[in-house]
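A.B. asks: Quick one: this structure, given as structure tokens, is what I'll be asking you about.
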Amino acid sequence: MNKLLVSLTILVFLVAGCTNQTKEKWVEDENIDMSDDLLLSDESVLTDMPEYSKIRSGESEIIQRSFENAPPLIPHRVGGFLPIKVDDNKCLRCHMPDKAPEFKAIPLPETHFTSYRPSIVEEDGKYRVDALEGEVIEKDLKHFNGAFFNCSQCHVPQTNVTVEIPNVFDPDYRTNTDKTQSNLKENMDEGVR
């Protein structure tokens with residue numbers, strides 16, 4: 001009985017020691033930021049209100065991507081385009097590959113016409129994914145993939161703002177064309193296997 005009590009006491013101290021060590025490494029959500037202000041506060045780090053582009057679509061210059069395969073920024077005004085809805089997406093009017101040259105727009109990349117979702121199989125009332133762990137399932141849809149309808153989820157309008165946080169990121173592009181074009185379709189499964 002004495003050995004059991006000693007063993008339990010040692011175990012309690014070990015667990016307590018591990019718990020304290022873990023708490024010291026824990027970072028609270030509001031501290032995950034490069035700013036001195038609270039991340040979850042309503043205070044803005046912007047010194048002035050952002051000024052969005054007033055340039056009409058078709059008249060703007062292409063903006064270099066932030067990094068290879070980054071969603072490109074929107075270089076033109078977006079007034080009247082938002083909100084984007086499944087059945088009312090004004091972006092597609094100019095950016096569909098067959099319309100883009102006419103409007104001097106960047107055509108949607110092949111990834112927006114591809115599904116990367118594996119099929120779901122039902123067996124005995126249970127569902128399972130029909131793919132191996134880490135396998136990329138690619139299916140050419142021959143039409144726009146509706147999963148990409150919400151353009152502004154990835155693409156944002158460019159603005160000129162001053163933020164007091166220095167940008168130390170240096171993008172590394174494989175080729176010069178990667179600065180303005182996507183090569184994601186060719187590299188989709190890179191690093192997966």
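The values are calculated or read from the model by the stated rules, or taken from the named source; none is laboratory data. Since the structure is predicted, the reported quantities are computational estimates derived from the model, not experimental observations. Glycine gets a Cβ as well: all are built from the backbone with ideal geometry, and neighbour counts include every protein chain shown. Each accessible area value is taken on the protein alone, full model and side chains, heavy atoms only, with ligands, DNA and RNA left out. Shrake-Rupley method; radii C 1.70, N 1.55, O 1.52, S 1.80 Å.
A.B. asks: Projected area of the stretch 62-155, taken from the Cα convex hull and averaged over every viewing direction, in nm²?
C.D. replies: Working: hull surface 33.6 nm².
So the mean shadow area of the Cα hull is 8.4 nm².
A.B. asks: What trypsin sites (Lys or Arg not before Pro) in the stretch 108-145 are in a loop by DSSP, with at most 16 other Cβ atoms within 10 Å of the Cβ?
C.D. replies: K142
A.B. asks: When all protein chains stay in place, what accessible area (Å², nearest 10, 1.4 Å probe) is found for M96?
C.D. replies: For M96, the solvent-accessible surface is approximately 50 Å².
A.B. asks: Let me ask something else about it. Which entries in the list K126/K185; K85/K139; K54/K90; K139/K185; K104/K179 go over 22 Å, if you measure between the two C-alpha atoms of each? Don't skip to the end; give the middle numbers.
C.D. replies: Numbers: K126/K185 32 Å; K85/K139 24 Å; K54/K90 17 Å; K139/K185 11 Å; K104/K179 18 Å.
Violating the 22 Å Cα-Cα cut-off are K126/K185; K85/K139.
A.B. asks: Report the calculated FRET efficiency for E186 and R93 (r = Cβ-Cβ distance, R0 = 25 Å), to the nearest 0.05. Write down the numbers at each step before the final one.
C.D. replies: Numbers: r = 27 Å, r/R0 = 1.10.
That gives a FRET efficiency of 0.35.
A.B. asks: Report the chymotrypsin sites (Phe, Trp or Tyr not before Pro) located in the stretch 87-193 that are in a DSSP loop and have at most 10 other Cβ atoms inside 10 Å of their Cβ, or state none.
C.D. replies: Listed in order of number, the matching sites are F169.
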